[in-house]
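The values are calculated or read from the model by the stated rules, or taken from the named source; none is laboratory data. In this text the structure is predicted, and so the values were computed from the model without any measurement. Here the Cβ is made from the backbone with ideal geometry for all residues, glycine too, and neighbour counts use every protein chain on show.
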Amino acid sequence: MIAEIGQFVLILAFCVAISQPILLAAGLRARDPVFHSVARAGALAQFALIAAAFVCLTWLFAVSDFSVLVVAENSHTSKPFLYKLTGVWGNHEGSMLLWVLILTSYTAALALTAKQVAPRLITLTFAVQSAVTSAFIGFLLFTSNPFERLDFLPENGRDLNPLLQDPGLASHPPMLYAGYVGFSITFAFAVAALIEGRADARWARIVRPWALAAWSFLTFGIMLGASWAYYELGWGGWWAWDPVENASLLPWLAGTAFIHSLRVMEKRDTLKSWTILLAILAFSLSLAGTFLVRSGVLTSVHSFAVDPQRGVFILAILIAVIGGALTLYGLRAHTLKPTGVFSTISRESALLLNNLVLASACALVFFGTFYPLFITTVSDQTISIGAPFYNRTFNPMLAALLVLLPIGSMLAWKRGKLGPILRKLLPALLIALIAVALALWLSFTGSLAGALGAGLALWIGVGVVLDITSRIKLAQIPLAASMTRLRNLPLGIWGMFVSHLGVAMIVFAITGVSAWNQEERAFLQTGRGASSTLQIAGYDITLVEVRDLRRENYIGDEGVLELSRNGRVLETMTAERRFYPVRQMPTTESAIATRWWGDVYATIGPEVPGRGWPVHIYLYPFALLLWIGGGVASLGGVLSIADRGRRSLGTPRSGVSGLSKPAGKG
Amino acid sequence: MRWYSFLPLIGFVVMAIYFGLGLRQDPSSIPSQLIDEPFPIINLPALEGREFGLSNEDLQGHVSLVNVFGTWCAPCVVEHPMLMLIKRTEIVPIYGIDWRDQPGAGTEWLARRGDPYRLVGNDADGHAAIDLGVTGAPETFLLDREGRVRYHHIGIITQENWNETLLPMIRELQNS
């Protein structure tokens with residue numbers, strides 16, 4: 001019954017979504033203002049119906065209704081309740097429904113907040129958004145129906161893939177999707193602007209919070225994914241440049257370029273067609289990321305073997321959505337005339353440079369991701385493009401961008417001067433150079449790349465601090481006046497500071513984890529003697545005992561490890577090897593002791609008779625900073641959204657007093 | 001209009017064509033490595049409480065189907081009635097390989113649902129499935145009289161598969 005209700009509301013949602021573009025187009029033609037409310041009502045109705053369908057599917061998982069195919073394939077009665085719920089999106093059909101749920105949530109949020117947007121623009125935006133939504137509900141209904149019943153009742157389910165039975169991964173897809181799908185709103189706005197043939201600073205101001213929201217979610221989602229890989233996969237890797245990871249990086253790079261170019265458009269009324277193109281690309285890459293790579297149209301054999309129809313449907317949607325938008329772009333881009341002009345040394349030029357580097361990096365990752373697949377399609381050869389390729393191309397490119405970051409963010413709009421900025425940044429340069437020298441002298445592993453990484457991180461971090469002190473004229477005017485200036489800095493500027501600080505943390509953490517790590521491995525006996533202890537960097541790790549694990553949904557071994565230094569026990573941790581009988585899959589749970597300087601990371605292998613337990617210890621300096629940095633960068637985006645001065649539409653910027661202004665016309 | 005505004009579209013069209021070509025390769029039609037090769041050496045024990053397992057000698061001298069299944073596999077439940085039907089036609093014997101099951105689960109499952117197989121081998125550790133290149137259950141192999149693999153079917157055998165592909169091939173192999 002519940003499954004049928006779910007199916008029914010899904011069909012209703014499809015009808016509402018597909019009727020919207022037609023209704024709204026008719027309304028715009030007739031210039032009838034009633035259609036503006038039709039657009040809002042339609043947006044809310046789509047959300048309510050999809051939310052109802054999602055509740056139905058969640059219910060089916062909660063009560064383990066195995067007469068429904070996806071539940072039977074992905075759940076099991078002996079599974080913790082939490083994972084029954086997260087199992088809702090641990091499969092193709094359910095994750096598609098989640099995707100559509102988030103899509104309609106954004107549409108509903110737009111309907112509730114964007115009251116002060118020009119009616120024509122917002123109506124067009126809703127029409128585009130509904131068209132996209134209807135395509136994906138159609139995809140659900142016709143090829144991936146989550147409510148499909150089995151015509152028999154299996155006694156139990158197949159269980160959720162054990163790798164997905166992890167709190168980190170449970171929260172990862174919703175975050176990532178919130179990022180991907182957020183770019184649908186900016187996409188819809190871009191297409192609406194192209195149809196209207198008008199995009200100006202006002203448009204940029206309306207779109208900016210949505211772009212920032214999507215970007216913040218995506219940043220956070222990528223960070224969650226990386227930390228999941230670090231904690232769950234059992235070798236301390238957090239990024240492997242595999243297609244699925246690249247799929248999330250591509251829209252992130254395009255989105256990062258987009259939020260920067262939006263600023264130029266907002267301030268200087270220029271770079272318009274480029275910004276619009278980035279809006280289209282960010283969403284296109286999100287779609288390509290979710291569907292082409294993840295669902296395995298090109299890479300894997302099994303996920304789509306069941307139903308090649310899905311691939312055709314997806315491709316048709318991509319051609320309609322992306323191809324349609326790009327055709328419109330080709331036809332209309334020339335109508336978006338810039339009014340601002342560029343001078344060579346200015347904030348806008350620096351941001352343009354930022355955009356060029358990010359776009360090139362994006363193109364590079366795109367090439368690296370799809371070229372191997374291309375080669376396999378046209379010939380029998382398989383090639384693989386992995387970390388060495390990106391280390392040699394992507395890393396220097398991004399490093400160059402980051403070297404310029406502090407300079408660019410201090411440049412003034414219109415006409416900037418390099419001399420004074422470089423003088424202001426001198427302390428940052430000195431600190432960075434000292435860090436490089438120090439790192440080389442201490443010679444953690446003697447790596448030059450590591451030393452340069454640390455220097456770069458400090459250059460950016462100290463650069464942010466200097467940017468703040470220079471903006472509030474610290475030590476140039478009385479302290480009280482400086483503090484007033486500090487309080488009056490708009491949130492948007494704080495957002496920039498915080499995000500860039502997050503970038504500095506990430507750079508530092510990446511340096512620590514990849515350039516200064518150490519590892520040791522040995523076969524250990526259980527106990528407390530020398531044959532049970534492994535030494536690394538002054539720490540002793542002792543395999544005290546190995547316990548037998550029997551849990552509701554898995555069995556395994558649990559190694560109890562003691563971390564000590566100079567005979568003093570600092571921490572006791574456990575490393576597990578699990579086996580999930582229903583799926584017949586082994587997984588590892590690493591033991592991680594987080595110290596102030598980084599992580600001691602240990603995994604345990606299956607016992608080898610006569611030799612003992614293979615124990616592998618890694619030292620990852622500053623690993624925690626990677627997750628904190630990701631969180632901080634994404635928080636910066638959130639701060640910028642909250643900038644009320646920026647959201648007060650139509651109010652031109654007036655110095656640093658954006659905050660003290662009333663909330664604006666709306 | 002400016003010609004270069006169409007560059008992104010042109011790039012996308014190239015990508016779309018390539019994706020379309022990629023789609024035309026039906027993954028389920030990827031030829032198995034085993035086609036026209038002898039069936040891998042297997043010597044599988046019997047299921048719990050049964051007397052006979054499955055080894056290569058059992059597959060000699062007649063055309064046969066070897067079906068890889070598991071009680072944990074929902075599509076296998078869907079396929080099961082079709083296998084029972086094939087058994088009733090008495091055209092070709094079906095041999096089963098019970099892939100990575102709990103002890104006793106296979107015996108109980110077959111007792112309850114009906115047993116379409118002449119013999120079933122227990123592949124508890126999944127080694128035979130690896131040798132067969134099985135990536136998911138159910139999968140079915142068609143063997144000729146000499147025990148060579150002549151066809152590899154991935155996924156559920158439907159009535160359509162049976163009528164249009166398997167049955168004609170079986171007839172041809174039996175008459176040759």
Open item on the list: Conditions first: (1) within 14 Å of chain B (Cβ to nearest Cβ); (2) in contact with a strand residue (DSSP E or B) (Cβ under 6 Å, 6 or more places away or on another chain). A:Leu60 passes all but one, so which condition is the exception?
Closed with: (1)
Task: Lone unmet requirement of (1) more than 14 Å from every other protein chain (Cβ to nearest Cβ); (2) closer than 20 Å to A:Pro251 by Cα for A:Phe367 - done: (1)
Open item on the list: Of all residues being assigned to a strand (DSSP E or B) and more than 30 Å from A:Phe579 (Cβ to Cβ) in the range B:54-67, which is nearest to the other protein chains (Cβ to nearest Cβ)? Just the residue, please.
Closed with: B:Leu65
- [ ] Please enumerate the residues belonging to the range A:318-344 that are away from chain B (no Cβ under 14 Å) and either surrounded by 14 or more Cβ atoms within 10 Å (Cβ to Cβ) or hydroxyl-bearing (Ser, Thr, Tyr) (or both).
- [x] A:Thr339, A:Gly340, A:Phe342, A:Ser343, A:Thr344
Task: Test for A:Phe508: is it modelled with pLDDT of 90 or more and of a type outside the set (Asp, Glu) - done: yes
- [ ] May I ask you to list pairs of residues, at least six apart or on different chains, whose Cβ atoms are under 6 Å apart, with the first in the range A:264-283 being more than 13 Å from chain B (Cβ to nearest Cβ) and the second being aromatic (Phe, Trp, Tyr) and not in a helix (DSSP H, G or I)?
- [x] A:Lys267/A:Trp413
Open item on the list: Suppose the filter is surrounded by 17 or more Cβ atoms within 10 Å (Cβ to Cβ), of a type outside the set (Lys, Arg) and under 21 Å from B:Pro103 (Cβ atoms); does B:Leu54 pass it?
Closed with: yes
- [ ] Identify, from the list B:Gly114, B:Gly147, B:Gly126, the residue that is within 14 Å of another protein chain (Cβ to nearest Cβ), touching a residue at least 12 places away in the same chain (Cβ under 8 Å) and either surrounded by 15 or more Cβ atoms within 10 Å (Cβ to Cβ) or out of contact with any helix residue (DSSP H, G or I) (no Cβ under 7 Å at 6 or more places or on another chain) (or both).
- [x] B:Gly126
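Which of the residues belonging to the range A:408-419 are assigned to a helix (DSSP H, G or I) and surrounded by 17 or more Cβ atoms within 10 Å (Cβ to Cβ)?
A:Gly408, A:Ser409, A:Met410
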Task: Where a residue in the range B:68-94 is facing another protein chain (nearest Cβ under 9 Å) and its partner, wherever it lies, is hydroxyl-bearing (Ser, Thr, Tyr), with Cβ under 9 Å and at least six apart - done: B:Val77/B:Thr71
Open item on the list: Give me the residue from the range A:476-509 that is more than 24 Å from A:Leu398 (Cα to Cα) and of a type in the set (Gly, Ala, Ser) and, out of that set, nearest to the chain's Cα centre (by Cα).
Closed with: A:Ser482
TODO: Consider A:Thr186 carefully, then state whether it is closer than 30 Å to A:Leu328 by Cα and at pLDDT below 90.
DONE: no
Task: Test result for A:Leu456, closer than 27 Å to A:Gly631 by Cα, touching a residue at least 12 places away in the same chain (Cβ under 8 Å) and not assigned by TED's automatic domain parsing to the domain that holds A:Thr603 - done: yes
- [ ] Can you work out which of the residues in the range A:575-597 that are over 30 Å from the mean Cα position of the chain (by Cα) and touching a residue at least 12 places away in the same chain (Cβ under 8 Å) is nearest to A:Tyr231 (Cα to Cα)?
- [x] A:Phe579
Task: Spans of strands (runs of 3 or more DSSP E) in the range A:486-553 with at least 3 residues without any contact (Cβ under 8 Å) to a residue 60 or more places away in the chain and out of contact with any helix residue (DSSP H, G or I) (no Cβ under 6 Å at 6 or more places or on another chain) - done: A:539-550
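For every residue, the table says whether it meets (1) within 20 Å of B:His153 (Cβ to Cβ); (2) aromatic (Phe, Trp, Tyr); (3) touching a helix residue (DSSP H, G or I) at 6+ places or on another chain (Cβ under 9 Å).
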| position | (1), (2), (3) |
| --- | --- |
| B:Pro45 | no, no, no |
| B:Leu59 | yes, no, no |
| B:His62 | yes, no, yes |
| B:Met82 | yes, no, yes |
| B:Ile91 | yes, no, yes |
